[in-house]
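Contents: one structure, followed by commentary.
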Amino acid sequence: MPTRRCPPIALRTALPTAFIGAASLLLNACDSDPAEPPPLSEDALAAIAADPGAPNDQLARQLDELFTNDAVGETRAAVVMHGGQIAAERYADGYTADTRFVSWSMAKTVTAVMIGMLVADGKLSLDETPPIPRWRRPGDPRGEITLRQLLQMRAGLRHTEAGNPPYESSEVRMLFLDGRDNMADYATSQPLEAEPGREFEYSSNTTVILADIAARVLTDGSDDPETRRKAVAEFLEARMFGPLGMESMVPEFDAAGTLVGGSLIHGTARDWGRFGDFLRNEGSYRGSQLVPRSWIAFMTEPSPASGFYGGQTWLNRESGIDRDDTLVDRGPETLFAAVGHMGQYVLVSPSQKLTLVRLGHSDQEERKALIAEMLDVVELYPET
């Protein structure tokens, strides 16, 4: 059997600092056989379809890392779709294909598609002030905010997503404290802190404003909660969830009938995969163009204020697919994502005909390792 040869001294002394502690183990292993990877478990092998579009064993091993590597947190579900078909699918104990998972901020991307449909219907315009009564009062400086700026998170409103202490953040106050019964009223009442259009500021409050705008145009400005809730729920079902076969989707509404469009839509991992694949196909599904291709292009192009964010969608630029500028960009530049709190991801790579869904629970540090593991899966697929 072949034996390992020791690397030259010059190479060993050039090892990164992170590996110094393992140097003695490396040296002792120089004359031994290379370690074989552990055999794949039945669960790992069973997760892979017959023709997944990537090497079966490699895909099984990389997907297994999402479930067995403690550094990534807790993966509860993972679905890989290639060319519109499920290439791999796996669930942790206690979760199944029928489990509905909370979107957290992945809902923002769903809300953006809904707004795009209303723009296509002629009910809204990207570069006009949206129909928010308090902003349209004479002399209100918020009247300069456009729908485009809201979608690109550059409205200039005083929305602090992660405050210190947390209960002082705009997001927490809107979702759980004084704004919870009428979230849009709370979000639209905040003053400007920057000139509209100038600065990027990620904000769940902003997406609730978008959901409120949708309710207003679908109900001719009704304030009746049930009328608003019904109109938006029926629109989503008729125009998006129904046509895409996303039968599990459950959107949440506040007491005023506004969709909690930045945080709270529930669905199975498969249905989140269907949504991602719909985006990969530029808004088309089985020959039907549900939203214009130009709208998906808008959602996935960098905004003037941010190279890593488009229209309620994260882009694989600068800080990659998450908000950590210490990470090294990997994967195709055209890769984009819907990203949710605590490690919810729908990664979409059109050039690879690939959609990867990961749902679970990971803190900020764990997400660094998680992103690396997800990109290991992505990089198994060639660009076409």
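The values are calculated or read from the model by the stated rules, or taken from the named source; none is laboratory data. Because the structure is a prediction, the values reported are computed rather than measured. Backbone-built Cβ (ideal geometry, glycine too); neighbour counts: all protein chains shown. Areas reflect the complete protein model, heavy atoms only, side chains present, ligands, DNA and RNA absent. Shrake-Rupley method; radii C 1.70, N 1.55, O 1.52, S 1.80 Å.
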Quick check on GLU65: is it acidic (Asp, Glu), open to solvent by less than 90 Å² (accessible area, probe 1.4 Å) and either at pLDDT 90 or above or at positive phi (or both)?
yes
State all residues of region 116-148 that are open to solvent by 70 Å² or more (accessible area, probe 1.4 Å) and touching a strand residue (DSSP E or B) at 6+ places or on another chain (Cβ under 9 Å); if no residue qualifies, say none.
PRO141, GLU144
Would you say ARG229 is in contact with a helix residue (DSSP H, G or I) (Cβ under 7 Å, 6 or more places away or on another chain), among the charged types (D, E, K, R), modelled with pLDDT of 95 or more and open to solvent by 50 Å² or more (accessible area, probe 1.4 Å)?
no
Please go through region 44-95 and give me each residue that is within 23 Å of the chain's Cα centre (by Cα), of a type in the set (D, E, K, R) and farther than 22 Å from PRO350 by Cβ, ordered by number.
ASP64, GLU65, ASP70, GLU74, ARG76, ARG90
Given GLU373, GLU366, which one is under 25 Å from ASP93 (Cβ atoms), open to solvent by less than 40 Å² (accessible area, probe 1.4 Å) and over 12 Å from the mean Cα position of the chain (by Cα)?
GLU373
Looking at (1) part of a helix (DSSP H, G or I); (2) open to solvent by 40 Å² or more (accessible area, probe 1.4 Å), which is the one condition that is false for ALA107?
(2)
Would you check if there is a residue in region 277-292 being surrounded by fewer than 17 Cβ atoms within 10 Å (Cβ to Cβ), touching a strand residue (DSSP E or B) at 6+ places or on another chain (Cβ under 6 Å) and farther than 17 Å from PRO350 by Cα?
no
Cβ-Cβ below 8 Å, separation at least six or inter-chain, first residue in region 177-197 and of a type in the set (Lys, Arg), second part of a loop (DSSP other than H, G, I, E, B) and exposed (fewer than 15 other Cβ atoms within 10 Å of the Cβ): which pairs?
ARG180/ALA255
Yes or no: GLU383 over 30 Å from ALA155 (Cβ atoms) and in contact with a Pro (Cβ under 8 Å, 6 or more places away or on another chain)?
yes
Every pair of residues 6+ apart whose Cβ atoms lie under 6 Å, when the first sits in region 275-290 and is at pLDDT 95 or above while the second is basic (Lys, Arg)
GLU282/ARG293; GLY283/ARG293
Selection from region 191-215 of residues that are surrounded by 14 or more Cβ atoms within 10 Å (Cβ to Cβ), over 17 Å from GLY262 (Cα atoms) and in contact with a helix residue (DSSP H, G or I) (Cβ under 9 Å, 6 or more places away or on another chain):
LEU192, PRO196, GLY197
Output the qualifying pairs, or none if there are none: Cβ atoms under 9 angstrom, residues six or more apart or on different chains, first residue in region 222-236 and farther than 12 Å from PHE253 by Cα, second residue among the charged types (D, E, K, R).
SER222/ARG216; SER222/ARG228
Could you check region 86-104 and list, in sequence order, the residues that are part of a loop (DSSP other than H, G, I, E, B), open to solvent by 20 Å² or more (accessible area, probe 1.4 Å) and within 17 Å of GLU252 (Cα to Cα)?
THR99, ARG100
Per the list (1) within 24 Å of ARG280 (Cα to Cα); (2) buried (at least 20 other Cβ atoms within 10 Å of the Cβ), residue check on GLY83 breaks on (2)
